[in-house]
Amino acid sequence: MDSFLIEGGVPLRGDVIIGGSKNAVLPILAAALLTKDPCTIRRVPDLSDVRFMLEILKSLGAETRFEDGTVTIRAAKVKGFGDYELIRKMRGSICILGPLLARFGQARVSLPGGCVIGTRPIDLHLKGLAALKTKIKIENGYIDARVRRLTGSTVFLGGRAGPTVLGTANVMMAASLAKGITVIESAACEPEVSDLAQCLVSMGARIHGIGSPTLTITGVEELHGTDYEVIPDRIEACTFICAAAATRGDVIIHGSRPEHFAAVLDKLIEAGVRIERKAGTLRVTRPGRLKPTDITTMPYAGFPTDVQAQFMALISLAPGTSVITERIFESRFMHVAELMRMGADVAIEGPNAIVKGGRGLSAAPVMASDLRASAALVIGGLAARGKTQVHRIYHLDRGYERMEEKLRGLGARISRVAGE
Ligand code: EPU
């Protein structure tokens, strides 16, 4: 298992280009199953999660090609059952359920297990598909779904923690080929869901209310191929901004869509980070000391749970007390123990992490536990004096494209150490 070796304390300086969004591209790749025509998807980040999804599509019989950030998929001949082992390994693969049902009337997908950030239930996915007349059986760890004809209906997809991103994606994809009209109430409004909706529209789907909590989908007989460019990754952009601010650097972010992470920018400014917008770029500097700042994660357009860990690494450098409240996933504080190994002072009380900052971070060997926790440790390592080794960075490779190369381009002293 590879690790990163980071010699911290170097302010990041220079320019960085943001890649395509992981969480937008995964369901968009699955959407190619909805048509026999070839689909071309552009600005696709080269991530292990993307490679996994392409393997899953191949195992279902689709032809795929991935070259220079462009994927082509032709799902002319596809079977309803794929490689269960592959499907089991990647949680995002749940989003093949809707397309398979729409195209074949049946799907068998392994039930995703919990993961370190929480139990990750899928009851809302199943509720939505059942509302479209799908019969669902859970047996031996598999979801067995069958439907004679998907039929539109009205379904409320809000759960305990708010709307569901991939659940909305699944139901929207199924509904685009269903008979009649489907209304999804309390739909997720995340930009990644809107991006999928726009991609489906480019394939001939009829979807109204994109970006709002009420999506109205009028089913069509067939969808056609598309040539579609994925939105930039807002979480990658926020990660680089936190890293720039943590090292007191001067970094220009290119190719992002700041309107997609307004809540994060607002909190960064409150924390004393300077953000200058110029000609489609963001310049990130930090003129003075950081100020303590409280955040609460929420569904879009609130502060995203996927930036909570990175923000914690940053705010642990602010003298004073900050409270970070995690409202989306019940145990997304796995980075806390590792940040504490680097000298952070954090106490967890239920969904709150109380961060007493200002003592600075010091280098230490740390272990990544999930994707965003890993990003937080990298930020900590970049800000700490001395050599930090971040183990198990395969988590990072799932969701950040060439992270160490991009950081090296900003002057960071970071290298990948193979094996362990
Ligand atoms: N939930 C239910 N029932 C369901 C589905 C979800 O109760 O059927 C709950 C979850 O337990 C959670 C909340 O609803 O408390 C939100 O979960 P959601 O379904 O929105 O999460 P997801 O679609 O499985 C996507 C991203 C996550 C991101 C979340 C929230 C992908 C591949 N994953 O997951 O990304 O944290 O939305 O924004 O799109 C990451 O990139 O690091 C990551 C974990």
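Of all residues in the stretch 402-419, those that are touching a residue at least 60 places away in the same chain (Cβ under 8 Å) and under 13 Å from GLY8 (Cβ atoms) have Cβ atoms under 7 Å from Cβ atoms of residues that are in a loop (DSSP other than H, G, I, E, B) and of a type in the set (Val, Ile, Thr), 6 or more apart or on another chain, in GLY411/VAL10; ALA412/VAL10; ARG413/VAL10. Scanning the stretch 164-189 for residues that are among the hydrophobic types (A, V, I, L, M, F, W, C) and not in a loop (DSSP other than H, G, I, E, B) returns VAL165, LEU166, ALA169, VAL171, MET172, MET173, ALA174, ALA175, ILE181, VAL183, ILE184.
Of the candidates THR35, THR40, the single residue that is surrounded by fewer than 18 Cβ atoms within 10 Å (Cβ to Cβ) and modelled with pLDDT of 95 or more is THR40.
Among the numbered conditions (1) without any contact (Cβ under 8 Å) to a residue 40 or more places away in the chain; (2) on the phi < 0 side of the Ramachandran plot; (3) away from the ligand (no atom under 16 Å from the Cβ), tell me where LEU339 comes up short. If we test LEU339 against (1) without any contact (Cβ under 8 Å) to a residue 40 or more places away in the chain; (2) on the phi < 0 side of the Ramachandran plot; (3) away from the ligand (no atom under 16 Å from the Cβ), just (1) comes out false. Considering the conditions (1) surrounded by fewer than 21 Cβ atoms within 10 Å (Cβ to Cβ); (2) away from the ligand (no atom under 16 Å from the Cβ), VAL284 is excluded by exactly one of them, (1). Screening THR321, THR297, THR325 for residues that are free of Cβ contacts under 8 Å to residues at least 40 places away in the same chain, more than 11 Å from the ligand (Cβ to nearest atom), under 30 Å from ALA24 (Cα atoms) and among the polar types (S, T, N, Q) leaves exactly one candidate, THR325. Within the stretch 215-263, restricting attention to residues that are of a type in the set (Ser, Thr, Tyr) and out of contact with any Phe, Trp or Tyr (no Cβ under 8 Å at 6 or more places or on another chain), which residue is farthest from the ligand (Cβ to nearest atom)? Within the stretch 215-263, the match that is farthest from the ligand (Cβ to nearest atom) is THR218.
Evaluated against (1) loosely packed, with under 15 Cβ neighbours inside 10 Å; (2) closer than 24 Å to ILE87 by Cβ; (3) within 9 Å of the ligand (Cβ to nearest atom), LYS127 falls short on exactly one condition, (1). Can you tell which of THR247, THR285, THR216 is hydroxyl-bearing (Ser, Thr, Tyr) and either touching a Lys or Arg at 6+ places or on another chain (Cβ under 8 Å) or closer than 22 Å to ILE348 by Cβ (or both)? The conditions single out THR285.
Output yes when any residue across the stretch 106-123 is touching a helix residue (DSSP H, G or I) at 6+ places or on another chain (Cβ under 8 Å), within 22 Å of ILE217 (Cα to Cα) and buried (at least 19 other Cβ atoms within 10 Å of the Cβ), and no when none is. Yes, the stretch 106-123 contains a residue that is touching a helix residue (DSSP H, G or I) at 6+ places or on another chain (Cβ under 8 Å), within 22 Å of ILE217 (Cα to Cα) and buried (at least 19 other Cβ atoms within 10 Å of the Cβ). Note on the stretch 190-229: among residues that are part of a loop (DSSP other than H, G, I, E, B) and touching a Cys at 6+ places or on another chain (Cβ under 8 Å), the one that is farthest from LEU166 (Cα to Cα) is GLY225. The set of residues in the stretch 63-87 being within 16 Å of the ligand (Cβ to nearest atom) and either touching a residue at least 40 places away in the same chain (Cβ under 8 Å) or under 18 Å from the mean Cα position of the chain (by Cα) (or both) consists of ILE87 alone.
The values are calculated or read from the model by the stated rules, or taken from the named source; none is laboratory data. Since the model is a prediction, treat every value here as computed from it, not as a measurement. As a convention, Cβ positions derive from the backbone with ideal geometry for all residues, glycine included, and neighbour counts pool all protein chains shown.
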